[in-house]
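A short write-up of the structure that comes next.
Here, each number is a calculation from the coordinates, and none is a lab measurement. Bear in mind the structure is a predicted one, so any value in this text is a computation, not a measurement. Reconstructed Cβ throughout: ideal geometry from the backbone, glycine too, with neighbour counts over all protein chains shown.
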Amino acid sequence: MKDKLRIQAELLAEAGKAETGENFSREEIRQAFHELHVHQIELEMQNEELRRAQVELEAARARYFDLYDLAPVGYCTVSEPGLVLEANLTVATMLGLNRDALVGQPWTRFVHRQDQDVYYKRRKKLFETSVPAAYELRLLRKDGTEFWAHLAATIAQDAEGAPVCRIVVHDITARKQEEQFRENVERIIKHDIKGPLINLFSLAQLVMDGVNDISMMQAFPQIMLGIRQVIHLIHSVEPLRQMERGEYTPAKESIEIYQILGTVKESLAVLSSQDQVGIVLQATALDCSPGEARLCGEAFLIEDMFMNLVKNAVEASPPKGRVTVTCQTVPGALRIIIHNAGAVPEAVRDRFFEKYATAGKVYGTGLGTYSAQLIAKAHGGRIELATSEAEGTTVTVVLPCSAA
């Protein structure tokens with residue numbers, strides 16, 4: 001086949017010479033052959049350059065893919081009218097979309113409704129002044145869930161010279177959650193500190209005024225108890241933050257549970273008296289009697305846990321009601337049962353131990369039961385809830401026990 005094509009080509013070449021009347025000499029043929037050979041070498045060199053350029057282009061594409069598409073932060077380009085022109089895979093993933101579905105969409109579609117004004121003002125100022133801007137707002141995913149983002153925006157020009165906005169997007173949800181948790185923990189600690197501080201001030205005032213012949217020696221135990229409670233509240237802030245991240249390991253010390261529960265009862269005496277609610281401690285077995293029932297962990301955290309749970313029970317009890325705190329033994333663990341006649345509102349029953357779950361409390365933050373569950377889990381235990389209008393509310397704390 002190859003020889004046949006060659007013969008046909010030679011015949012065509014000869015016919016071309018005959019038609020043009022050309023009759024090449026041997027020297028002209030040699031020169032033409034040389035020119036063709038040189039041209040062949042040039043073509044091969046050009047082909048090699050093209051192959052090398054192709055390799056470099058593929059390498060550049062790989063670098064672009066790594067630096068742009070697979071960057072740990074989101075990149076997108078938004079036109080002056082507000083449409084997404086370009087976006088990397090990271091920002092598309094943040095928003096729960098395919099990149100093709102993101103391009104061409106209005107960027108405001110992904111900005112939280114309450115933060116639209118913030119974005120509009122920042123964007124307007126950016127195009128007016130060309131001064132880079134950085135700010136925080138909430139973005140919306142395709143499924144409607146929100147996350148906090150830090151946006152760094154600059155002005156650039158597209159291929160046609162039109163101004164565009166280039167945005168770098170950082171997901172800062174974890175940082176915002178940590179900040180919010182810290183603020184709420186500090187707020188609840190400040191709120192809880194007011195109680196013992198007011199009691200301390202009132203007690204000191206009574207001593208100073210000599211009311212009811214109260215002496216300093218009589219008041220001293222209550223003063224020490226109040227100071228101790230304040231110190232424990234302050235000390236619990238950092239451990240709670242570490243527990244939320246799963247980074248806290250409690251110290252291993254033997255704890256006498258009745259001593260803890262007795263301190264909690266005494267500390268809540270003013271509250272229970274004001275609410276006309278009694279607090280009753282009881283045991284159901286000889287080996288769970290005072291002096292025998294022991295836990296292993298950090299006493300001030302265990303005390304803070306029961307302070308939250310018993311305080312909640314007192315506040316949820318009807319007037320002239322009673323909160324019972326019962327200690328039981330089970331194999332390898334202690335079970336402390338806290339019961340009151342009130343029922344947990346239906347709105348928060350399913351998320352009773354979740355962060356910020358609260359209902360019906362003027363100063364409620366929804367961190368009391370959440371922090372209590374954190375403390376229980378950090379000590380290898382758990383807290384369970386049972387509630388109904390007919391039976392009231394039972395909170396059961398199960399913690400590993402230790403030998404006396």
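Testing the spin-label approximation: label points 7 Å from Cα along Cα→Cβ at Ala251 and Lys320. State their distance in nm.
A separation of 4.6 nm, rounded to one decimal place.
If amide hydrogens are placed 1.01 Å from N in the peptide plane, which non-local residues have theirs closer than 5 Å to the one on Leu334?
Leu399, Cys401
Taking 0.36 nm per intervening residue step and subtracting the Cα-Cα distance, what contour gain separates Glu28 from Arg187 on full extension? It would help to have the intermediate numbers written out before the result.
Details: separation 159, 0.36 × 159 = 57.24 nm, distance 9.94 nm.
Taking 0.36 nm per residue and subtracting the Cα distance, the gain is 47.3 nm.
Quickly rank 40-53, 157-170 as a protection proxy: mean count of other C-beta atoms within 10 Å, highest first.
On the way: 40-53: 10.0, 157-170: 13.9.
Packing order, densest peptide first, comes out as 157-170, 40-53.
Cα-Cα over 25 Å: which of Lys320/Lys377; Lys311/Lys377; Lys176/Lys311; Lys190/Lys265? Working shown, then result.
Values: Lys320/Lys377 33 Å; Lys311/Lys377 20 Å; Lys176/Lys311 29 Å; Lys190/Lys265 21 Å.
Listed pairs above 25 Å: Lys320/Lys377; Lys176/Lys311.
In terms of modelled amide H atoms, which long-range or inter-chain residues lie less than 5 Å from the amide H of Ser236?
Long-range HN contacts for Ser236: none found.
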